[in-house]
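Working notes for the structure below.
The values are calculated or read from the model by the stated rules, or taken from the named source; none is laboratory data. Everything numeric here is computed off the predicted structure, so don't read it as measured data. Here Cβ is always computed from backbone atoms with ideal geometry, including for glycine, and neighbour counts include all displayed protein chains. The area values use the complete protein model at the heavy-atom level, side chains included, leaving out ligands, DNA and RNA. Shrake-Rupley method; radii C 1.70, N 1.55, O 1.52, S 1.80 Å.
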Amino acid sequence: MTPRFVSDSKARVWAVPVRLEEAPPKPRRAARAGFGERPGQVAEIAIGRRRVLLVRTDPAQPEAAGAMAAARLGAVEAIAIDARGWSAADAASFAAGAAMRACRYARHVTQPDPALERPVLGAVDVVVDSPRAARAAWRLIGPGVEGALFARDLVAMPSNLKTPAMLAGHLLALEAEGVEVEVLEGAALEGMGGLLAVGGGSANPPRLAVLRWRGRSGEGRGAPVLLVGKGITFDTGGVSIKPADKMWEMRADMAGAAACAGAMLALARRRSSAHVVAVLPLAENMVGARSYRPGDVLRMASGITVEVVDTDAEGRLVLADALDYGVDRFQPAAVVDLATLTGSIIVALGHAMAGMYASSDVLAAQVAAAGAAVGELAWRMPFGDAEALESDIADIRQCTEGRLQPDAGLAAVFLQRFVADGVPWAHLDIAGVEARAEACDRYAAGASGWGVRLLDRLVAGFEAAP
């Protein structure tokens, strides 16, 4: 959904952001509807033939106003957001909030129940003083929104429609945007012991997708920013099989890869000057005659040997090979990986923010600042004790045994072994933020697209670097 920035609208439903301490239109009618001074307060009144939603807005949070309007209005064909008197940047933020809250994956719903939340806002008119200025502002933030919606669709898609090969096929659509897409399979994956082991039990073999945006000049000058995203298209847990309860949610175990792909779409659509590469390991972690087992020793692409302890700790294995491949091939200026990696990060941080582990204080600060700017928060966490991963039969253990372990920090220790010394690296554990069980003001229930806008903003900082 792309908003229209116009000087007037014929929409019958209008959302009117009202600043703190500002009088709303039709003050008496608004007061009777219960419209007060508290930020986030919403009330509905009629003005002529229009249905008008008043949204009490903190001027510092215009995106939240657009999201609240979309959430409250429900299933309507079109709305107008009255952003006259607001800056062009704020008007674009209203539109971003509405788009982020309104869109929902419902491609396979053939008989929607009117009582349930459905896709909303087929069209949004943003009424502004200067449509040209607002459109210019949207060109800066709109691609990030569009990339997030692309990522959401990938995450929400059922796993029978996004096997590793199918997901790679969906990524080929990015070629139309100017992104180079290379898909490695079969013999091209030889030596990637982690990726091949995790995908070995499935009838659908693994893939490694490499996406490259060479910058708007198309020359790809300088060392790129490297993005790596976990792409487990479904995770049964393998031989260490998961409980049945909520296993269906494991279709979202490729949210890290989806975020990286969405970021590449955003960069292409706003014609970023940066050189960026995304390496996405795609696999199904299934149970089969060729499944890998606890106690196996794998030789990774880097040559490091890994003792397997739990086949449900598969994400770090595919990421390890992808990190090594990306760093070795592209010699990046910085590396950021995203993965729905551990349940322990949810114990630590809940669903409010992602956990961040970083080898570089500078990169950690850049990631945190980028996330704060777009409302995708990341909290820096301490690494685990490397001694806990010592193995008697291999170079390193994949994880430790037993429950109540600090697994997120140990996973970060494990991954760091596969990033060359001196390369700035940050790991984002996005378990807990990649999807929402219930709708909120900002997101509908389901996939969130978390990470796309953070990465887009992060890369913008590299564009300004000499």
Is it true that some residue in the range 227-247 is in a helix (DSSP H, G or I) and free of Cβ contacts under 8 Å to residues at least 24 places away in the same chain? yes
Scan the range 109-119 and tell me whether some residue there is at pLDDT below 95, surrounded by 15 or more Cβ atoms within 10 Å (Cβ to Cβ) and either more than 20 Å from the chain's Cα centre (by Cα) or part of a loop (DSSP other than H, G, I, E, B) (or both). yes
Inspect all residues belonging to the range 257-270 and state whether any of them is open to solvent by less than 10 Å² (accessible area, probe 1.4 Å), at negative phi and not in a helix (DSSP H, G or I). no
Can you list the strands (runs of 3 or more DSSP E) lying wholly within the range 1-83 that have 2 or more residues being touching a residue at least 40 places away in the same chain (Cβ under 8 Å) and either surrounded by fewer than 21 Cβ atoms within 10 Å (Cβ to Cβ) or within 35 Å of the chain's Cα centre (by Cα) (or both)? 4-6, 13-19, 50-57, 78-82
Residues being hydrophobic (A, V, I, L, M, F, W, C) and without any contact (Cβ under 8 Å) to a residue 24 or more places away in the chain - total across the range 132-165: 1
Does Gly218 satisfy being at pLDDT below 95 and either closer than 26 Å to Gln416 by Cβ or not in a strand (DSSP E or B) (or both)? yes
Take the residues of the range 287-300 that are touching an Asp or Glu at 6+ places or on another chain (Cβ under 9 Å) and among the aliphatic types (A, V, I, L, M): which is farthest from Ala333 (Cα to Cα)? Val297
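One line per residue, one yes/no per condition, for (1) open to solvent by 20 Å² or more (accessible area, probe 1.4 Å); (2) modelled with pLDDT under 95; (3) β-branched (Val, Ile, Thr):
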| position | (1), (2), (3) |
| --- | --- |
| Pro131 | yes, no, no |
| Pro143 | no, no, no |
| Ala148 | no, no, no |
| Asp153 | yes, yes, no |
| Leu174 | no, no, no |
| Glu182 | yes, no, no |
| Leu189 | no, no, no |
| Val225 | no, no, yes |
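Just to check your reading of the model, which residue among Val374, Val362 is under 17 Å from Gly461 (Cα atoms), among the β-branched types (Val, Ile, Thr), touching a residue at least 60 places away in the same chain (Cβ under 8 Å) and surrounded by 14 or more Cβ atoms within 10 Å (Cβ to Cβ)?
Val374
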